[in-house]
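The values are calculated or read from the model by the stated rules, or taken from the named source; none is laboratory data. In this text, all values refer to a predicted model and were calculated from it rather than measured experimentally. Here the Cβ positions follow ideal geometry from the backbone for every residue, glycine too, while neighbour counts run over all protein chains shown.
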């Protein structure tokens, strides 16, 4: 008796055919994706090549432009800085401001053609830049460079205590403070406790606190500080600069910065206010 293989019913055949058709469709789709990928890789390679060419062209143009720019004169920044401050300090009266009405014209004239390495303005240098989104101004006003802090500068190290205070305190009166290793108010307190300060009028204008500088710099998305800087650059009028209540006086400074309690109390401040 012979046995015959069972014949697949029509339903199974139909199901297998559908599966084969579906697989063929997927294979075809994958081939299409691979073709698109190859095309995209080719386009990316071409764009990269074009980008490299553009970068080379930009670099070439930059070199040509730099070659045409005039060379800036070299001068002693430290000497110029101190001379500028002597004009103001020599006529300082009880308000802590210069009494020389010609000072405004002098500042405006001196600033022409100078460039701030911090904000790229040609109307002032870093020493008079007041924008401080982080609360302080990074860089060295003596060298007009951002590459180092002022109290890391060799020029600063050679200065007397008074000259250091002139740089980090007096010249930054009602402006954002310079970023320093040692806070500006430590330099001030050390100076006030030294013999160098004897017989010299007390400073009456001081840098802003970092919180005040940061808030003012971000006010109205920077419009407020830019407006103040623009007016100050044009006139040199220090009366346009806002006063920070937290640093408006020696007493306010002592109350604002608790770290001062770790320093000896300057004898010359006895009677000025109660430092306890």
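Count of the stretch 155-204 residues, restricted to those that are closer than 20 Å to residue 142 by Cα, touching a helix residue (DSSP H, G or I) at 6+ places or on another chain (Cβ under 8 Å), touching a residue at least 24 places away in the same chain (Cβ under 8 Å) and in a loop (DSSP other than H, G, I, E, B), is 11.
The residue of the stretch 173-207 that is surrounded by the most Cβ atoms within 10 Å (Cβ to Cβ), among those that are modelled with pLDDT of 95 or more, in contact with a strand residue (DSSP E or B) (Cβ under 8 Å, 6 or more places away or on another chain) and more than 20 Å from residue 255 (Cα to Cα), is 178. Would a scan of the stretch 139-154 turn up a residue that is touching a residue at least 40 places away in the same chain (Cβ under 8 Å) and over 18 Å from the mean Cα position of the chain (by Cα)? For the stretch 139-154, residues touching a residue at least 40 places away in the same chain (Cβ under 8 Å) and over 18 Å from the mean Cα position of the chain (by Cα): absent.
This table checks each residue for (1) at pLDDT below 95; (2) outside any loop (DSSP other than H, G, I, E, B); (3) exposed (fewer than 13 other Cβ atoms within 10 Å of the Cβ).
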residue	(1), (2), (3)
243	no, no, no
251	yes, yes, no
259	yes, yes, yes
272	yes, no, no
276	yes, no, yes
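Considering the conditions (1) without any contact (Cβ under 8 Å) to a residue 60 or more places away in the chain; (2) closer than 30 Å to residue 147 by Cα; (3) touching a helix residue (DSSP H, G or I) at 6+ places or on another chain (Cβ under 9 Å), residue 223 is excluded by exactly one of them, (3).
Taking the stated definitions as given, is residue 228 over 18 Å from residue 191 (Cα atoms), assigned to a helix (DSSP H, G or I) and touching a helix residue (DSSP H, G or I) at 6+ places or on another chain (Cβ under 7 Å)? Taking the combined requirement at face value, the residue satisfies it.
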